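Working notes for the structure below.
The values are calculated or read from the model by the stated rules, or taken from the named source; none is laboratory data. As the structure is a prediction and not an experimental result, all values here were calculated from the model. Backbone-built Cβ (ideal geometry, glycine too); neighbour counts: all protein chains shown. Keep in mind that these areas ignore ligands, DNA and RNA; they rest on the heavy atoms of the full protein, side chains included. Shrake-Rupley method; radii C 1.70, N 1.55, O 1.52, S 1.80 Å.
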Amino acid sequence: MSFPLTTEQEMIRLMARDFARKELEPFAAQWDKSEHFPLEAVRKMGQLGLLGMLVPFEYGGTAAGAVSYSLALQEIAYACASTAVTMSVTTLSQDPILKFGTETQKQSYLTPLARGEYLGAFAITEPGAGSDPGGMSMRAEAKGGDYLVNGTKVFITNGGYADVVILVARTAPEKANRGLSAFIVEKGMPGFSIGHKEDKMGLRASNTVELVFEDCRIPAENILGREGLGFKIAMQALDSGRIGIASQSVGIARACLDESVSYAKTRRQFGRAISSFQAIQWMLADTATQIEAARLLTLSAASLKDQGQPYTKEASMAKLFASEMCNQAAYKALQVHGGYGYMKEFKIERLYRDARVTAIYEGTSEIQRLVIAREIAGG
Ligand code: CAA
């Protein structure tokens, strides 16, 4: 089965690929090694319209749609998985403002985010609330017309560079999930600071930090929607975000496959190229087949989103399948490389590390199965 692309979608894919191969891929290994966040390259992506692909023109976006976004993100991830998560989370942070923001909030925050002038972050995770964000303890207490926020968010992608953070905190302790509210927080607000930077296994050129709130006053006009909507706002954003992580997984897996093919063709053992051995051929064939399946699931979920259809289940299926597939692809690609694959001078070593988190963030594989099961069989 093929997934026919429009001329515009194909052009966007080629533009993203051209940018990624020239501006990201040659530097990705060095950025990983030095944990360098490639701000300049990210700014260029903003100028190319790659950071506002799901935002309408009137708010500075390119309104390219979710299929084009997925295609572009796959190309970025192929070249640099770290930059792909930077792109994905900036896009994730736009969703709540687009769907729940007032006109003023859209003009003030969505437009610069979509143009890539601002970077965005999405903060729901806490030390004691990962898979279960409904269990978060960060308080946002209504006080004198503002909200007084205290607590810490962890593992926040882009946090150290974000100009705008979508923050979910508890406004009503007695109401569980319905007691959460979402806010727009600006960099530099008194009482808001960047904490510890994480020393990660992979995606080392992306930025992951703690965000600390100590008596931080958030103006009441920065609430998204109304009090109590925070959980739903976050879940809807994650539905869309999961298409992004599925796309990132497909991109990383394609890079794993290409690395294996070129290594297998040049590496000789027992007097011939290892690509001539069936054991290697089967690994390549399985990976290529699984990549195609993941790509189709991902584009299918993206297409539902573009058509305005429900896509919660399909986004979780795509994220589950593509991220697990990506990890298998990285495992097999390293196996094809043998001992060399374990060495840092080979690209597959980085891809293997980068792949791991795709099955964890924006909902673990176990959470995706829970979402899918609830969608098909109810609570
Ligand atoms: N869209 C809209 N509403 C939704 C929804 C969705 N996709 N999913 C749930 N809701 C609504 C429900 O309808 C329900 O509404 P009512 O209160 O009106 O009945 C409410 O939200 C609560 O739903 P549940 O009872 O299903 O909630 P739950 O506590 O059982 O949790 C969950 C469900 C799927 C496990 C959810 O907690 C979840 O997705 N957890 C994973 C969290 C996650 O993905 N974290 C990622 C962090 S961000 C990140 O990783 C980004 C990054 O930096 C890379």
Stretched out fully, how many nm does the piece from residue 18 to residue 342 gain, at 0.36 nm a residue minus the Cα gap?
113.7 nm
Hey, what angle do you get for helix 365-377 against the long axis of the chain, alpha-carbon based, 0 to 90 degrees rounded to 10?
70 degrees
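Dividing the alpha-carbon Rg of the chain by 2.2 N^0.38 Å yields what?
0.99
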Interchain or sequence-distant (5+) residues whose placed amide H lies within less than 5 Å of the amide H of residue 195 are 210, 211, 212
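About the Cα centre, and with charges only on the beta carbon of Lys, Arg (+1) and Asp, Glu (-1), how big is the dipole of region 7-114? Nearest 20 debye, please. Before the final figure, lay out each step's value.
Details: 9 positive and 12 negative charges, 11 e Å.
For region 7-114, the charge dipole is close to 60 debye.
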Whole-Å distance linking the alpha carbon centroid of region 175-208 with that of region 210-268 is 13 Å
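How much length is gained if the chain between residue 148 and residue 328 is pulled fully straight, taking 0.36 nm per residue apart and subtracting their Cα-Cα distance, in nm to one decimal?
Working: separation 180, 0.36 × 180 = 64.80 nm, distance 4.54 nm.
Difference between extended and current length: 60.3 nm.
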Taking the dipole of the chain about the Cα centre (Lys, Arg +1; Asp, Glu -1; charges at Cβ), the one of 111, 307, 231 that reaches farthest to the positive side is 307
Could you sort the peptides 111-118, 244-251 by per-residue average Cβ neighbour count (10 Å cutoff), highest mean leading?
244-251, 111-118
Taking the 0 to 90 degree range and rounding to the nearest ten, how far is the long axis of helix 312-337 tilted relative to the main principal axis of the chain, both from C-alpha atoms?
40 degrees
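With r defined as the distance between the Cβ atoms of residue 270 and residue 2 and R0 fixed at 35 Å, what FRET efficiency is calculated, to the nearest 0.05?
Values: r = 38 Å, r/R0 = 1.09.
Working from the Cβ atoms, E equals 0.40.
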Mind checking the dipole of the chain: about its Cα centre, +1 per Lys or Arg Cβ, -1 per Asp or Glu Cβ, Debye to the nearest 20?
820 debye
Gap in Å between the Cα centre of region 1-48 and the Cα centre of region 70-126?
15 Å
Normalised contact order of the chain, rounded percent, pairs of Cα under 8 Å and 6 or more residues apart
16 percent
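Rank-order 71-80, 303-312 by packing density, defined as the average count of other C-beta atoms within 10 Å over each peptide's residues, highest first. Intermediate results must be reported in sequence, preceding the final value.
On the way: 71-80: 27.9, 303-312: 15.5.
With the highest mean Cβ count within 10 Å placed first, the list reads 71-80, 303-312.
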Relative contact order, percent, region 232-377 [alpha-carbon distance under 8 Å, six or more residues apart]:
33 percent
Note, region 83-97: 3J(HN,Hα) by Karplus (6.51, -1.76, 1.60, θ = phi - 60°), whole Hz, Gly/Pro = x, goes 5, 5, 6, 4, 5, 5, 6, 4, 5, 4, 5, 7, 4, x, 6
Rounded, prolate or oblate (a/c below 1.5 giving rounded, otherwise prolate when a/b exceeds b/c) for region 87-156 by Cα gyration tensor:
oblate
Between residue 220 and residue 34, the two model label points (7 Å from Cα along the beta-carbon direction) sit apart by a distance in nm of 4.9 nm
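If you take the beta carbon distance between residue 175 and residue 196 as r and set R0 to 22 Å, what does 1/(1 + (r/R0)^6) give as a FRET efficiency, to the nearest 0.05? Can you show the working numbers first?
Numbers: r = 31 Å, r/R0 = 1.39.
Here the calculated transfer efficiency is 0.10.
Which FRET efficiency value, to the nearest 0.05, do you get for residue 335 and residue 58 by plugging their Cβ-Cβ distance into 1/(1 + (r/R0)^6) with R0 = 56 Å? Walk me through the numbers on the way to the answer.
Numbers: r = 50 Å, r/R0 = 0.89.
Taking R0 as 56 Å, the efficiency between residue 335 and residue 58 is 0.65.
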Determine the share of the chain's accessible area contributed by carbon and sulfur atoms, expressed in whole percent, with a 1.4 angstrom probe.
54 percent
Between 0 and 90°, nearest 10: helix 278-306 axis offset from the chain longest Cα axis:
30 degrees
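In this model, which of 106/200; 22/44; 22/197 are farther than 23 Å apart at the alpha-carbon?
106/200; 22/197
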So what are the ³J(HN,Hα) numbers for region 136-150, from phi and the Karplus equation (6.51, -1.76, 1.60; θ = phi - 60°), rounded to whole Hz, Gly and Pro as x?
5, 10, 4, 9, 10, 9, 5, 8, x, x, 10, 10, 9, 10, 9
If the label point is 7 Å along Cα→Cβ of residue 131, which residues in region 340-362 have backbone nitrogen under 20 Å from it?
356-362
Rounded, prolate or oblate: pick one for region 1-138, where a ≥ b ≥ c are the square roots of the eigenvalues of its C-alpha gyration tensor, a/c under 1.5 means rounded, and failing that, prolate if a/b is larger than b/c, else oblate.
oblate
Using modelled amide H (1.01 Å from N, peptide plane; none on Pro or chain starts), what sits under 5 Å from the amide H of residue 122, excluding residues fewer than 5 places away?
157, 166
Residue 117 versus residue 189: modelled label distance in nm, points set 7 Å from Cα along the beta carbon direction:
2.1 nm
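Please say if region 146-220 is rounded, prolate or oblate, where rounded means a/c under 1.5 for a ≥ b ≥ c the square roots of the C-alpha gyration tensor eigenvalues, and otherwise the choice is prolate for a/b larger than b/c and oblate otherwise? Could you put the intermediate results ahead of the total?
Values: a/c = 2.36, a/b = 1.63, b/c = 1.45.
Judged from the Cα gyration tensor, region 146-220 comes out prolate (a/c at least 1.5, a/b above b/c).
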Using the Karplus equation 6.51 cos²θ - 1.76 cosθ + 1.60 (θ = phi - 60°), what ³J(HN,Hα) coupling, rounded to whole Hz, does each residue of region 113-126 give in order, writing x for Gly and Pro?
5, 5, 7, x, 6, 10, 9, x, 9, 9, 10, 10, 6, 10
Can you give me the long-range amide H partners of residue 229? Hydrogens built in the peptide plane at 1.01 Å from N, cutoff under 5 Å, separation of 5 or more residues or another chain.
182
If the cut-off is a Cα-Cα distance under 21 Å, which lysines reach residue 332, setting aside same-chain residues fewer than 8 apart in sequence?
265, 319, 344, 347
For region 7-114, what relative contact order do you get, as a whole percent, if you take Cα pairs closer than 8 Å and at least 6 residues apart?
30 percent
